Structure formats: C-alpha cells, structure tokens
Amino acid sequence: EMLASPAEEGSELGVTGIDLRMVEGKPLVTSVLPGSTAAEAGVRTGWELVAAGDDEVAPIVAKITERFTDEPLLDAILAEVLRNALRGPIGGKEPVRFVNGKGETLQIEVGFAEESGFRFKTGHLDGLYVRVDARRLDDGVGFLSLSMFMGPTDVMPVINEALPGFADAPGVIVDIRG
C-alpha cells in the first residue's frame, strides 16, 4: 500500500525525477528533472498521476483526505505521500500510470536512480536533497533555480560561482518555486 514505506528501513531508495503538487484535488506532475529516469521515459508536466505500481492513487487520496479533512496542509501531505510512492530500490523499475493533457491514459515504466543534489539534514528532517541549477538559456539569459531554501553552506558556493558568469547576460531568471 502507498502509505507504507516502499523498501526496508535503512535501505537507500531511488527517485524518478518527478515532482507533484495537488491541483484542484488531482496529483499533477509539476516538474520532471532533466536527465532523470522520468525525463528519459517521456513523462511530461501537467500529467495526472493515477497509479504507481499496483497502487491506485484515488483511494489513497480519498483515505488521507478523510483522515485530515481540516488539515490546512492537506495538499502538501498528499503530494509528499505520492512523491514517496514514486520511490523504489535504486536500479529498479516500476510501471506508473498517468492521464495526459488529451485525456489519454498512459502506462510508462520509470526507473529509480540515486537522488541528485546536496543532502541536507536539520533536526528530524533527514534525507532532504537540495538541487541548484545555474546555467545560460538558449537566448543568453542566466537561469538560477533552487529546489528548496535549505543547506546554505552547500548551495551558496554554487550560486557565488554562477553569478559572475551572468554579468553580461541580458537578464537573469531566479526560480525559487522549489
């Protein structure tokens, strides 16, 4: 069941590169990490997650929604449970079902790879990974993206190294949406 951990405690779990958010009660793919197993498999933003492995998403969403009806962070809880459902043993694969923008149901086998970024730990939060993307876009604009505001001792050197390279850019986009 999706509410249970997908692997034995202490084992390293891999990720697909898919990020999800609840949008109007539906778990939608909000980003696909470039170079991830999901990107290589063709997963696109805007798709609705319907199943991960043998687990249908709708009953899990209903069960959690019923339990946490008045919880202000319900959407965040749901998104985290569903992101965890998209974890598995590194090197393994799992079928994942989506509904695309045309309303077609697609089943795609997605692999699990090692998490990228800087591992961050604070208090009871362990195993968070912070990714920094600093590059030039095709039109020369600088692009800087942070997956979350954590791990400043790891993140700031990357940012400090990237910023001088944007000095002659026609503009810089700073994406802090996470």
(request) Determine whether the stretch 54-76 contains at least one residue that is under 16 Å from the mean Cα position of the chain (by Cα), at pLDDT below 95 and more than 20 Å from E114 (Cβ to Cβ). (result) yes
(message) Can you list residue pairs whose Cβ atoms sit under 7 Å apart, with the first residue in the stretch 46-71 being under 11 Å from A85 (Cβ atoms) and the second being among the aromatic types (F, W, Y) and open to solvent by less than 60 Å² (accessible area, probe 1.4 Å)? Count only pairs 6 or more apart in sequence or on different chains.
(response) L49/F98
(request) Return yes when V110 is open to solvent by less than 50 Å² (accessible area, probe 1.4 Å) and either of a type in the set (S, T, Y) or out of contact with any helix residue (DSSP H, G or I) (no Cβ under 7 Å at 6 or more places or on another chain) (or both) and no when it is not. (result) no
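The values are calculated or read from the model by the stated rules, or taken from the named source; none is laboratory data. Worth saying up front: this structure is predicted, and the values here are computed from it rather than measured. Because the Cβ atoms are built from the backbone with ideal geometry, glycine has one as well, and the counts that use them run over all protein chains shown. Side chains included, ligands, DNA and RNA excluded: accessible areas come from the protein's heavy atoms. Shrake-Rupley method; radii C 1.70, N 1.55, O 1.52, S 1.80 Å.
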